[in-house]
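The values are calculated or read from the model by the stated rules, or taken from the named source; none is laboratory data. Please read all numbers here as calculations on a predicted model, not as lab measurements. In this analysis, Cβ positions are derived from the backbone assuming ideal geometry, glycine residues included, and neighbour counts consider all displayed protein chains.
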Amino acid sequence: MTALLLLDSAIDRPSLRLIHGLGSLGFLGRLKQLCYLLLMLWAAYGQSALMAQVAPAATRGNNAQIGGSFSFAQSDFGAEKLNGFGVYATYDFRAHWGVEAELHQVFDSNFKIDIFEKSYEVGPHYSLHFGRWQPYGKFMFGRGVFQFPPDPLHPAAGPVANLAYNMFAGGFGADYRLKPHINLRADYELQRWIGFPPNGLSPRVFSVGVAFHFR
């Protein structure tokens, strides 16, 4: 319907005069006028196709999802690899802009060192739309909690302390719409914990998850 309206508006009175006047022109004149008319029709069709593609993207917004993930982290505390879980939620209030909140908790893989890292984060994210794919980038702020390992001289005493630090993080990833209400996710995040001795802490966290999508 949009294409028909655009084509109808493109064939205005001057265009109709061009069509009716073709019979009074020579071959080259007719060819020139036909080319001009075809260009107008092609432009009208291209505009309708563009509007058809842009309209769905422009209406995306007020989308929300909540999900859980498996998380794998490279701790900056020694060379420890940590595994754990995460919970995340996103709300897109515009076609590309939204807000995200998440929790990560990861532990040492063999529980021998008895450390964990927990982070609570919230921040804006920016996403694009390519069919079922929604790649995104994000910038997060929050609080991180670190459980320090036991004192080697007194291992039976248990962890030395649980201390909290302000933190920020940058990350990127992609959501994939598997079903109308089911999204899959792959996410990478680089965190920076401020004030962690001696020079801060910079864990890297990779997560894979699944979320329920509210439309």
Unmet criterion (only one of (1) at pLDDT 95 or above; (2) on the phi > 0 side of the Ramachandran plot) for L184: (2)
Residue that is of a type outside the set (S, T, Y) and modelled with pLDDT under 95, where the choices are A157, A101, A89, A169: A157
Any hit, the stretch 138-147, residues being within 17 Å of N63 (Cβ to Cβ) and out of contact with any Cys (no Cβ under 6 Å at 6 or more places or on another chain): yes
